Structures are given as C-alpha cells and as structure tokens.
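Okay, structure first, notes after.
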Amino acid sequence: MSETQSSPLKIIRDAIKRHKRETYTPVVPDVQFGFVHNNVDCIGCRACEIACKDKNGLNPGPRFRRVQYIEGGTFPEVYAYKLNMSCNHCAEPACLPTCPTGAIFKRKDNGVVDIDSTLCIGCRRCEAACPYGAPQFDPSDGLVKKCNMCIDELEAGRKPYCVMACMMRVLDIGPIDQIRAGAYQTKAIGPGETTVRAVKNLANPELTNPSIAFVPHNKGRVEEDSQQEEN
Amino acid sequence: MSNTAKSLASRLNMTRRSFLKMSAGTMAIAGGLVHRDGKAFAYEPYLRDDDLTTVVTSCAHNCGSRHMLVAHKKGDVIVRLSTDTGEYQGDSWNTDTEEVPQLRACLRGRSYRSRLYSAERLLFPMMRVGERGEGKFKRVSWEEALSFVAEKMEYIKEKYGPTALLDQSYAGASWGVLHKSDQITGLLGRFLGMYGCRTSSWSVPSYQGTTFSSRMTFGTIKDGNEDDTFAHSKLIIMWGWNPAYTFHGGNTFYYMRLAKQRGCKFVLIDPQYTDSASTYDAWWIPIRPNTDAAMLAAMAHYIFVNNLQDQEFIDKFTQGMDAGTMPDWAKDRENFKDYILGTYDGQPKSPEWAEPICGVKAADIKKLAEMYATTKPAALKASWAPGRNAYGEQYNRMAAAVQAMTGNIGVLGGCSEGVGKAWSPKSSAYPQDKYKNIWKQSIKSDRWAHCVLNYPNVKREEIGLWPRSDNTDGQIPNIKGIFWQGSDWFNQLTNINKEIEAIKKLELVVCMDSTITPSGLWADILLPIATHFERHDAALPWYKGHYYIHRPKVIEPLGESKTDFQVFTELAYRLGFGEKYNPKATRDYFDNNEEVDEVYLREWWENQVMAKQHVELTWEEFKKRGVYKFKLKRPHIAFQDNVEKGKKWYTPSGKIEILSTKLARYTDWTKTAYGYEIPAIPKWIEPWEWLGSEKTQDYPFHLVSPHPRWRTHSIFNNIGILRETYEQEVTINASDAKRLGIKTGDTVEVWNGRGKVVVPAYVTERCMPGVAVIHEGAWMDLDENGVDRAGNPDFLTDDNPSPAGAFAYNTVLVNIKKTELAHRPGWDKLATARSQVFRRESSF
C-alpha cells in the first residue's frame, strides 16, 4: 500500500526528518558496536536481565534489558518467540536531542549512547522520545538510567554482562556493520542463518538507525522497507 | 594504540581491516579532535570489576543444575556477581567449547546477591512468642535457643519414644560436600539418627514415581546420559520436559540447540506449548494431564502391530517384553506385549483406544510412534513431571518399555531417562559411616500430617511405612516434633490445609534456614544458618555435568549465622555424642570451624577425587582456580557397556525388567513400603482425579503445578527483581476464559474441596482447554478465612500419594471464577510486573 501525499504518517515522517536536521548532527563513531539477538533460539530465561539488574544495582522497577515474549496463533496451531532489547545505541539516537542538560552523549570510539548521571535532572523527555523504551526512570533517585553496554567491561576488553550471562549463547555484541554483513563470528547466529534490522511491531529502523540485528522468527519477519505500510 | 584497544579488538575477533580503521580513528582523536565523554554510571564513583576482589564460587540450591558464580567483592561486601568466563579453569577468557562449555548461571543464580542481603534474611536465633503460625517471634541468644532445643528433644524422646522426631530436611541448602541437607546422607539425618529418635521421610517430592520406575526397570537411578550427548540425537521427544524452564543440567538446553542446528527434530508432549517447544521448533502434541501412560501404550501398540520394534534388542536385553522374554518362573504371568495387544482383557491398547483418554488424535499417536521407531538415534526423554501423578510410576515404566523396544538404550543420541542421573561426583566430605541415615521408622513424605492427625488409628499402608527387619516393623510413628533443615516443606508438600491442622498438634518445630520462610513462620524456633557464601565447601553438579566448583567462605556470616554443621555439632555435644557426630571437631567448633572444615575438604579432594577419579590438580591449586572440569574419555552414556559388552543391569535378572521380578514376587502389599498393589508390568491405570472422571462436573479444570523458572521451588520467591519479571498466575486457554468471562490480568479464585487460592489469570492459546497451570512454590499468605492470597497450588493438591510413593501434585481437579478477593504476590509491595507487556501480538 503506497502512501498518499497527505497521509498522517508522511507528515510525521517529514517532521522527524526536519527535527533531526535542525537540531542535531550525530556523532559518527569510529566503530559502532551493536547487539545481535536470536529471536528463535532464545529460551526467554531472562538471565541477561537479572545479570544486568545485579550489575547495575537496580531495584525492582527500572529494567535496562527487557526480554519480551511474543505469542500468537490459535490452539493448537500456536507460535512463540522472544525479542530481547536494551538500548540499541542508535546511530541517530532520538533521546539525545531531547535532553535539556546535554547529559546524553554518544561515544566517539564505540558509538555507545550514554547518560551522564551527574547532569541528568530526571525530566524523562528521553524516555518519551525513545521508540524502544530504553531509558528507564528510577524512582529511587529520580534519575533516568539506561544500558551503557557495560562500558567499564568494554574498556577492560570484555563483553557486557548480559552477553556473558546468556545461557543459550544467543545474545552478542560486535561491530554492527560486520554483524549485518554476516562477517562477524558469533554463536548468536546459527549456521545458515541471516539477520535482519527489524522485526514486526518495532519502530521503523529509519527513525533512529538502531545498532541491533535479529535472527527473526518466521512470524516476526517484516519486509524491511515496507514496515510502516504493514502497520 | 592502547593495550585496551588492542585486547578489545582481538577479543571481539574483529577483522584486521576494521581494527586498523578503528585505530586510525582513535589516533585522529588523539591528534586534536577533543572529544570528552561524560561520566558513565548512575552512581559515582563506580567500582569496576578489576578494582574488586574476584572469588569463584557457585550457586547452591535444589534446582537440577549447578553453575558458577563469581563474586566481585569490596571488603566484606559482595558488590556484584558474574559467572563462568572460561578463564578460571586456566583457559583464555571466553573459552567455551562443546567439550568444555562455560557453566553460565541462570537468572536465579544471578539474583543471589538480592537473596543474600534480602529483608527476609534470618540473622539471629528467634523464639516464637505468639500462637504457632501467628508469625510473632523474639530474638534470643544462641545459648537460649540451643538449650531450648536440646531440652525439648530430651523430653520428647523420653515421653514419646524413638519415632517422635520427624526429619524433614531437604535440599534447599544441599549439594555441598560438607553441608548437606538431604534425607539419606544429610547432616540432620546423621544427627537425629545418632541421637536415636528419628522418623525419616522416604519419598522424593520431585521424582519418586520416576525413581521407582528406574529402580524397578534398570536397577539404578543412574539411567542418564551426560547433557552433551543430546547434541547427537536425531529426534528428541520432550515428554512433559521443559528444560527452558528447569534448566536441568549444566548446559542441556544449549546442547539441544546444537542438536537443532545439526538437523534434530523435536516433539513436545505437554498440556502447554512451553518455551522449550518454541525454541526448538517442536511439534506440539497437547495431552490431557495424567494420561501419558495410555498414549505410550498406544505407541507401543503401533510399534508391535507394525513390527517396528528392535526384536534383537528385546530378545537380548529385556525381561517380560513379550512371551519370548518371560522367565521360566513367570510363564503363567502377563507379558507386556500381550497386555498391549489386549490378549488378556480383550482391549487392544491401540491409538484409537487412547484417543478419547488422552485427547490426542490416533493419527498423531501413530505418526509419532512411526517417527520414534524409525529415527535412529532418538531420545525419548521421559521427564519427572508426568510421574508426579496418581499412578505416575506407570507412565515412567511405560516410557522405559518404549525406550527399550526401540533399542534406544545405551547408544549415543538415545535416552533411557528416567531419573537421568549420569556422571557420579564424589559427594561427601564427612563420614558416611555406620551412623549414616539411621531411622526408627520411615514414611511417605507427604503423609506426615495424615499420620499425626490420625495417630494411633493409622494403617501402615496409609502412610507407606518402610518395612523393618526388627520387631518394630509396622509400628506407627508417634510424631511430636519436626526439624526443617534447608527445607520449606510446610509450604511445599501437598494439601497444606491438612498440614496446618496437624502442625498444631506438635510440641516442637525447629526451622534452620538462612531465610525467614513461610514454613519458618510456623516454627517454635528459628536458627540462622550461614549461606554458602559464608562457609567453606565444594559444589557438585546436580543432575548433569562433570565438574567441581570450589566454594570458599566469600564473606563472614551475616548477623549471628552459623553453619548447620556447627549447630548440629554443638547440639550433639550437649546431648552427649559430639565426638562421634563430628569426629574431626573440637569442643569449640561452634565458634571455630574453619580449620576443621578445611581438613574435611582437603581429605575429600585428596582421598576421593584425586585418588579415585584420576585428578592431578592439587587441592591448593583447585582452591586457587575455583573450578575443575573433567574431560571424559568418551561421552557418558548410561548402559553403554551393558549393550556393547554384555554387562548385566542391576536388576534381579540382570536384564531390563519390563516385568519386574521384585514386584511380581510381592504377596502381601500392605507389608511393603508401597502399601497397595503395583502391577509387575507397566499398565495404564485410571487416576482418581482427571478430565475423564465424574468429578469434573464440580471441578472442570485439571490443575498442574510445574516448576517455575523464576524460583527454585519456594526459594527466591522473595526476590523482587525476579518477581517483577514473571507473575504468579493461573494459565488457562482462551476458549475457557471466554466462557468464564475472564481476561488476562483479572483476579480469579481457584478452588476445590481442599482449599482456595487467589491469583491473576493469564489467558493464552498455548495451554490446552480444560487445563489450568499454577507454578508451585509461591509463599503462602492466608487471609482471615484461610484463603491463600499468594496462589500456592498446594492448597489444592491431594496428600494421597501414588502407591510407589509419587506425590500426586499433578492429579488435581479445580474450578475457577472471577473474584473480588485480593491477590498478594509477595510479602513486600512491588510495582505490577511488566511481563504482561508485549505478551501477545494482538496487544500491539
């Protein structure tokens, strides 16, 4: 289905483009790290979530990483798969330009999008702007926090806690270009499997260019360039 | 170029080209483009792992696996936990091979810090001040607490005799080599046994039906292959098995992923379309609960009728599979094949016969039977859950018969599980001498309340009294006190309302735990026990895997916690047998245990592990590394030598006993531990509650209560970060829900004649119509009318065990309706779980 000139979607898209152009020129990192997740082989155990919560000292409430359960069909012809995201460390992060104090920044060396907690005032604008629900408000101290890809671990030459927690080895990080090109060696992608940039019911990746790739479930596949139309 | 950048790039196995590109970028920054990053963390200063002390240890609870935990601590405080990275065994960082995989902890293990420092942590000895169960306690000294327990013990033993104290230790703190809490080799059994006053509990809640089947059929519960062998199967039938939830072995679920990548097909027989089914892309065959034996019988029928059985295997290795394999002494008895073909009762156990029983189409049964009989090698993994039923042992025995008739036993990629224990660790560092497991009487574990309430008018078969060879055989125990060590059994056994009646009749209830548990609230005295982070031990794999993990004392015991070994030793001294109980200890062991524990552990390592398992790593080196992983010479496959080299099975006949010699020879069943007759060959026997029974008029739903993923039984129920990711809920099918006007998130009451619980509903197409699912282990929380607001399904279960001792946890009919009553997910107040979000596509 093609869009007409006056479609609301088109108006919104144009507005986003204008807004991005006027307010923000994103940092272009030397290497953009990103996540890869296998939607099918993930057992949905949430060890990654709990490892993240423990590492970041979070109480119940804020969840940097969220394993989402998707199911459908009618008994007995049913299906289910998992979608696992934290922050997608977007190439053009929607959160960043909304921050009134400049607390959100994108790292030049690895493309990690981060919040400087000493500058955050907890206004929650980034939370509203992010199409993936990455920024999490922590009521215990009134700040917004989110995944920083365990920058301390990256700097120590290791991988983030969630990746190292994955019992099924279906979650990994790497240079996102290589992951997308199938040139990155990782157990997250099985033999013969390829990745996609987006799956059903996710925001259009053109909005923020998220640094994440999925091995999709058949029922989760979208035609990448016609996603908006499908919605 | 910094070292950090170099190691990061190499560890992320980047290509040389992109690595150079990255270096160039870094240099460009250094050359003048000043880019200043802000502070990264939500709180500063942030302690990085490399600033902290790293200590390798493991998780320690009774879940079915055992993984590495790595504590990162500052001073005496654990700041965070990580897990295996492959480097601790001496390999490079992130070594993770099929032969030596990492032992990555699950979500429960990763939450351990929250449990260690939880608000429910028991820190001081506490004495009850209110009524029993009222939950009112005062803090007392160890001196006061131990004197109280010792005096009460003397009084009870004197007044009521040697059966008056019931051992309800269980595996909540078990599977160290020094600090154990099981019924056979545990510390409490040794303590009460030596004291001379102990009634023990012999049936295992998780898998007694399965244990019975494995013992009768193969003569051992070590009928399992190691988890890596699953990677070699061509077909895996998960019968009521959900490794994506239970984890069941160090890396079982991961090896099954490798099997999938190598072309293995998966089938799930289960009332629910589980996460295991979706992950392994399984063919789901929904089945009515408790009818598994009938479906397996129908598969056997198809295989026999179409002559697909491995007759050579049958002739060589089995007893009683068919007329040709019947021993001489049993020529006039029923054999399995003729039972299946209907020779005796005129009813062939055909797929058409099974269809109305199981709710599975005959065509599907035939298709599966064909697949299983013709795919080699194929693993029929007969899990424990369908055995937690009335006559659950028949399901496991039937599965073993089907495994044997297709010759899938003793081969790589096959399966004869069953219980499924495989590689055997050296499991005990303290004496397993003549004082081990002394018992004066022993009963089916779920019959204690029945025994207490009806004493002395109890028949031995009602409580499954284990036979004795002395003149106390048949004596009904006069239970007046209970000890819980590492056990929350009051919350976990069947028919809790009956337990509540019974516990009021007792004179002493002792709870030893690191946590204030729902059972503990019904105790007279609470003794604070050090967690495995606070004592020295070594960890064993549970169920599958071949490794040892060192468990040093990571931090000092919190509050006034003592190890259970310290408590029992001190009590034993006060009761006059301290030297015998803990032979290496000195009188001051209660205050000074570290050197003694070290000696026990070193001797275990040197005399058992090094001497008998060909391990060359010294104790000191093991302590330094924290882990030892075995490399097996060949994959561990149960009964490989039996099949390849003619080794005998551990049964009376030395064969796989489809016809059990033992069972065939019993004449007076009341004198056996089982109490009631069990057929010598596997048979389908109608359970006392199921979807085919008349009771469905009042209670139309069959309730099953599987093991949850976010708890180990009741352990971890108090952990907020786990509870926010899942919900204690009742799962029902969408068509049932529509009829009852129930939507996801509605609060409903689930009830039958035994009790009532209040839970939110989860409405899904992934559950069979007519079936309701509530996961076991929620911490009971009664309102003033005795309604459980937490949703513990054991208010609904029946304490009537299967003859072989299987708990009938999954033999329960209930009704469901919307309610105004309140659900309380925990003792604390939490934000609503957000796990509901994104659950169903239609919600978008």
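The values are calculated or read from the model by the stated rules, or taken from the named source; none is laboratory data. Please read these numbers as outputs of a predicted model, since none were measured by experiment. Because the Cβ atoms are built from the backbone with ideal geometry, glycine has one as well, and the counts that use them run over all protein chains shown.
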(message) If B:THR95 meets every condition in (1) within 14 Å of chain A (Cβ to nearest Cβ); (2) not in a loop (DSSP other than H, G, I, E, B) apart from one, which number is that one?
(response) (2)
(message) Return the residues of the range B:98-124 that are over 20 Å from B:ARG709 (Cβ atoms), assigned to a loop (DSSP other than H, G, I, E, B) and in contact with a strand residue (DSSP E or B) (Cβ under 7 Å, 6 or more places away or on another chain); say none if nothing qualifies.
(response) B:VAL100, B:GLU120, B:LEU122, B:LEU123, B:PHE124
(request) Inspect all residues belonging to the range B:415-422 and state whether any of them is of a type in the set (Asp, Glu), surrounded by 22 or more Cβ atoms within 10 Å (Cβ to Cβ) and within 30 Å of B:TYR302 (Cα to Cα). (result) yes
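If you take just the strands (runs of 3 or more DSSP E) that sit entirely in the range B:130-205, which of them hold at least 1 residues that are within 20 Å of the chain's Cα centre (by Cα) and more than 21 Å from B:TYR573 (Cα to Cα)? Reasoning before the result, please.
Details: elements: B:137-139, B:165-167, B:199-201.
It comes to B:199-201.
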(message) For a quick check of your reading: which helices (runs of 4 or more DSSP H) sit entirely within the range B:273-361 and have at least 2 residues that are out of contact with any Leu (no Cβ under 6 Å at 6 or more places or on another chain) and within 14 Å of chain A (Cβ to nearest Cβ)?
(response) B:275-279
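Conditions tested, residue by residue: (1) closer than 30 Å to B:TYR372 by Cα; (2) part of a loop (DSSP other than H, G, I, E, B); (3) of a type outside the set (Gly, Ala, Ser).
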residue	(1), (2), (3)
B:ASN396	yes, no, yes
B:ALA400	yes, no, no
B:ALA404	yes, no, no
B:CYS415	yes, yes, yes
B:ALA429	no, yes, no
B:ALA449	no, no, no
B:LEU465	no, yes, yes
B:THR494	no, yes, yes
B:LYS505	no, yes, yes
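If a residue must be touching a Leu at 6+ places or on another chain (Cβ under 7 Å) and buried (at least 20 other Cβ atoms within 10 Å of the Cβ), how many such residues does the range B:453-475 contain?
0
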(request) Inspect all residues belonging to the range B:540-561 and state whether any of them is farther than 26 Å from B:ILE78 by Cβ, of a type outside the set (Ser, Thr, Tyr) and without any contact (Cβ under 8 Å) to a residue 60 or more places away in the chain. (result) no
(message) Is it the case, given these coordinates, that B:TRP779 is part of a loop (DSSP other than H, G, I, E, B), touching a residue at least 60 places away in the same chain (Cβ under 8 Å), within 14 Å of chain A (Cβ to nearest Cβ) and within 23 Å of B:TYR245 (Cα to Cα)?
(response) no
(request) Evaluate the following for B:VAL609: is it in a helix (DSSP H, G or I), in contact with a strand residue (DSSP E or B) (Cβ under 8 Å, 6 or more places away or on another chain) and surrounded by 13 or more Cβ atoms within 10 Å (Cβ to Cβ)? (result) yes
(message) Quick check on my filter: what residues within the range A:177-196 are farther than 21 Å from A:MET164 by Cα and of a type in the set (Val, Ile, Thr)?
(response) A:THR194, A:VAL196
(request) Any residue in the range B:700-717 that's closer than 19 Å to B:THR274 by Cβ and within 14 Å of chain A (Cβ to nearest Cβ): show its pairings with residues that are among the aliphatic types (A, V, I, L, M) and buried (at least 24 other Cβ atoms within 10 Å of the Cβ) at Cβ separation under 7 Å, as long as the two are six or more apart or on different chains. (result) B:TRP710/B:LEU107; B:TRP710/B:LEU722
(message) Just to check your reading of the model, which residue among B:ASN389, B:ASN408 is assigned to a loop (DSSP other than H, G, I, E, B), within 30 Å of B:MET299 (Cβ to Cβ) and without any contact (Cβ under 8 Å) to a residue 40 or more places away in the chain?
(response) B:ASN408
(message) Given the criterion more than 14 Å from chain A (Cβ to nearest Cβ) and of a type outside the set (Lys, Arg), identify the matching residue among B:LEU116, B:LEU123, B:LEU81.
(response) B:LEU123
(message) Criterion first (surrounded by 22 or more Cβ atoms within 10 Å (Cβ to Cβ), charged (D, E, K, R), over 26 Å from the mean Cα position of the chain (by Cα) and not in a helix (DSSP H, G or I)) does B:LYS381 satisfy it?
(response) no
(request) Please indicate, with yes or no, whether at least one residue in the range B:303-325 is over 35 Å from the mean Cα position of the chain (by Cα), hydroxyl-bearing (Ser, Thr, Tyr) and farther than 23 Å from B:PRO243 by Cβ. (result) yes
(message) For the range B:612-641, give me each residue that is assigned to a helix (DSSP H, G or I) and either more than 30 Å from B:THR217 (Cα to Cα) or touching a helix residue (DSSP H, G or I) at 6+ places or on another chain (Cβ under 7 Å) (or both).
(response) B:TRP619, B:GLU620, B:GLU621, B:PHE622, B:LYS623, B:LYS624, B:ARG625
(message) Looking only at the range B:466-498, count every residue that is of a type outside the set (Val, Ile, Thr) and over 22 Å from the mean Cα position of the chain (by Cα) and tell me the total.
(response) 15
(request) Starting from residues that are surrounded by fewer than 23 Cβ atoms within 10 Å (Cβ to Cβ) and within 30 Å of B:SER118 (Cβ to Cβ), keep the ones in the range B:726-744 and report whichever is farthest from the chain's Cα centre (by Cα). (result) B:THR744
(message) Residue under question is B:ASP798, and the condition is that it be more than 26 Å from B:ILE463 (Cα to Cα) and in contact (Cβ under 8 Å) with a residue 12 or more places away in the chain; does it hold?
(response) no
(message) So A:PRO62 ticks every box in (1) in contact with an Asp or Glu (Cβ under 6 Å, 6 or more places away or on another chain); (2) facing another protein chain (nearest Cβ under 7 Å); (3) part of a loop (DSSP other than H, G, I, E, B) but one. Which box is left unticked?
(response) (2)
(message) I need the helices (runs of 4 or more DSSP H) fully contained in the range A:74-181, keeping only those with at least 1 residues that are at the interface with another protein chain (Cβ under 7 Å from one of its Cβ atoms) and crowded, with 19+ Cβ neighbours inside 10 Å.
(response) A:151-155, A:161-165, A:176-181
(request) For the range B:228-272, enumerate the residues that are in contact with a Gly (Cβ under 6 Å, 6 or more places away or on another chain), modelled with pLDDT of 95 or more and within 13 Å of chain A (Cβ to nearest Cβ). (result) B:GLN261, B:ASP270
(message) Take the conditions touching a helix residue (DSSP H, G or I) at 6+ places or on another chain (Cβ under 7 Å), within 19 Å of B:SER276 (Cα to Cα), surrounded by fewer than 20 Cβ atoms within 10 Å (Cβ to Cβ) and at the interface with chain B (Cβ under 7 Å from one of its Cβ atoms) and apply them to A:GLY44. Does it pass?
(response) no
(message) Against the conditions (1) surrounded by fewer than 18 Cβ atoms within 10 Å (Cβ to Cβ); (2) away from chain B (no Cβ under 11 Å); (3) in a loop (DSSP other than H, G, I, E, B), where does A:GLU193 fall short? Just the number, please.
(response) (2)
(request) Tally the residues that are buried (at least 24 other Cβ atoms within 10 Å of the Cβ) and either more than 8 Å from every other protein chain (Cβ to nearest Cβ) or charged (D, E, K, R) (or both), restricting the search to the range B:98-108. (result) 4
